[in-house]
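Structure, as C-alpha cells:
Just so it is clear, none of the values below were taken in a lab; they were calculated from the coordinates. This is a predicted model, so every value here is computed, not measured. Neighbour counts run over all protein chains shown; Cβ positions are idealised from the backbone, glycine included.
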Amino acid sequence: MSEEITSERLESLKYDGNGLIPAIVQDVKSGTVLMLAYMNREALEKTLQEGRTWFYSRSRKRLWAKGETSGHLQKVQGIYYDCDADTLLVQVEQTGAACHEGSFSCFSHALQEKEGAVATDWAVLSWLEDVVREREKQRPEGSYTTYLFTKGIDKILKKVGEEATEVVIAAKGGKEDEIIYETSDLFYHLLVMLRDRKIELKEIWQELAGRHKNSGR
C-alpha cells in the first residue's frame, strides 16, 4: 500500500470523543480472537511504522507496546477497518500468550457455551507450532523434540508412520480415550515433520480453505 493511500485511509478513520478507536486483535494463523484494546492516532501510526502492536492505556493514560514486559510480541500482518470506519481488526503473529493470565486468548472465560461452539483452546496447535519452532532453533538438551530434529527426517517420518498406525488401531478398538491420546501424538509428530520441511501450519489452513471454496464441501 502506498504512503498516499495509507494517509488517505488514516484520515477516514473515526475516533471516539477521547480520540480512541477499538482494535480487535486476531491471530493470523488460527483465526482466534486474541484481545480487544484501544489505539489513538499515535499508537496506530507507531504500529504501522514498527510492525508490532502499540495501544493506548485508558487507565494509565499512556501508550504501551504489547509484549514490552512479557516478551509476548505481536507481529502485525494486516490491519483492516470496518464499514463504519470506527473499529480496527489487527491480524498478528502472536508470540506466546496474548493474555496476562497466561492464556493464548484473553477470551477464555465462557459466559455461555452451547454444544457445537468452537472454544479458543483449539488454537493450541498454533501455540505448539511455535514451541516446536523454538525447540528446533535452540535444541535444548534432554528435549524429545531436540532428539527428533537431531536424528533427522527419516526418524521423524518413522514416528509419523508409527503414530498414524496407533491412531488406526485405537479407532478400530473404539476406545475414545485411546483415540484422543494417539491422535494427539500424531498431531505433534506431524508438526515436527512440517517444521523440518519448513512448512507453516497456515499453508495447510490455506490449502484446506481453498479446497472448501472450490469444491463446496
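Can you compute the FRET efficiency between Ser12 and Arg60 using 1/(1 + (r/R0)^6), with r the Cβ-Cβ distance and R0 = 25 Å? Round to the nearest 0.05. The calculated FRET efficiency here is 0.30. Let me have the relative contact order for the range 3-94, percent, based on Cα pairs under 8 Å that are six or more residues apart. In percent, rounded to a whole number, it is 29.
Ranked by the mean number of other Cβ atoms within 10 Å of their residues, highest first, the peptides 66-76, 88-98, 9-19 fall in the order 88-98, 66-76, 9-19. Top mean-square fluctuation among Asp130, Asp154, Asp196, Gaussian network model of the chain, C-alpha springs under 10 Å? Fluctuation is largest for Asp154. For the options Lys29, Lys61, Lys46, a Gaussian network treatment of the chain with springs between C-alpha atoms closer than 10 Å singles out Lys61 as fluctuating the most. Label-to-label distance, Tyr147 versus Glu50, with points set 7 angstrom from Cα along the beta-carbon direction: 4.1 nm. Only helices enter this figure: runs of n ≥ 4 DSSP H residues, each worth -39500 (n - 2.57), summed and divided by the residues of the chain, yield -15000 deg cm²/dmol at 222 nm to the nearest 500. I want to verify a result. In a Gaussian network model of the chain, Cα cutoff 10 Å, which of these has the top mean-square fluctuation: His109, His100, His189? Between His109, His100, His189, it is His109 that shows the largest mean-square fluctuation.
Beyond 30 Å in Cα-Cα separation lie the following of the pairs Lys66/Lys114; Lys29/Lys66; Lys61/Lys137; Lys137/Lys159; Lys75/Lys114: Lys66/Lys114; Lys61/Lys137; Lys75/Lys114.
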